[in-house]
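None of the figures in this text is laboratory data; all of them are computed from the coordinates on show. No experiment lies behind these values; they were computed from the predicted model shown. Ideal geometry is used to build each Cβ from the backbone, glycine not excepted, and the neighbour counts take in all protein chains shown.
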Amino acid sequence: MKESLLAAGARQFANRGIGTVSVEELIAEADVSRATFYGFFSSKYSLLEHILNPIFERATQAIRALADRPPAEAIDGLVDVYLDLWDTHRDGLLLIPAIDQRTFRHFEAQHRALNGALLDLLSAAERADLLRNGSAQYSLKVIARTAIPLLRVYDGHPASAALFRDAVRGLLIRAH
């Protein structure tokens, strides 16, 4: 039942936005009682935290694990992290751009940790003079604003992983 609520929440939030979805709509889609919902979650924001926190934690851990790789390999590893998250947590990833200021406070610490891991990886690439724009900070903005939309664009294409990899590398890495 908890998994059904998590799946229903991810779908509803991704499709309609967080603020417009009610607990009643979530329990109707998951086909559970109100008591069951509140047995697992204190609110729809608690449900949202249970959807997104594992994504933030998994991404942060996976990106930190790339720190010992040479910078070019680490960038490729970053692409693999996004592809893996897309395969395993698609609806949750699609929620991230829908997070508004009111909701963001529930994920600020996790977001900060993920950005820190990304910035560390990109700073190593900057020191190796690999970044197209020359800046880890700017590259962080690029990846944060383009990765999920690119995954969405290439979704369903037979060569989606290769196309996504080429696009991200083209956005981030300088041609030498």
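Data for the structure
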read-out: Length gained when the stretch Tyr138-Arg34 is fully extended (0.36 nm per residue, less Cα-Cα span); value: 32.9 nm
read-out: Folded to 0 to 90 degrees: helix 2-16 orientation relative to the chain principal axis, Cα; value: 70
read-out: From phi via Karplus (6.51, -1.76, 1.60), per-residue ³J(HN,Hα) for region 99-113 in Hz, x at Gly/Pro; value: 6, 8, 4, 5, 7, 4, 4, 6, 10, 4, 5, 5, 5, 4, 5
read-out: Magnitude of the charge dipole, the chain, Cβ model with Lys/Arg +1 and Asp/Glu -1, debye to 20; value: 440
read-out: The chain: most fluctuating residue of Arg90, Arg165, Arg145 per GNM, C-alpha cutoff 10 Å; value: Arg145
read-out: From the coordinates shown, Cα Rg over 2.2 N^0.38 Å corresponds to which of (1) 1.12; (2) 1.05; (3) 1.28; value: (1)
read-out: Placed amide H near Ile173: partners under 5 Å, 5+ positions off or other chain; value: Arg132
read-out: Gain upon complete extension [Ala67, Arg145; 0.36 nm per residue less C-alpha separation]; value: 25.9 nm
read-out: Over region 21-96: Kirkwood hydrodynamic radius from C-alpha pairwise inverse distances, Å; value: 14.3
read-out: Nearest-ten-degree value, helix 136-154 long axis tilted from longest Cα axis of the chain; value: 60
read-out: R0 of 22 Å, Cβ-Cβ distance Ser42-Ser4: FRET efficiency to nearest 0.05; value: 0.75
read-out: Loop sites in region 1-68: chymotrypsin sites (Phe, Trp or Tyr not before Pro), DSSP, at most 11 other Cβ within 10 Å; value: none
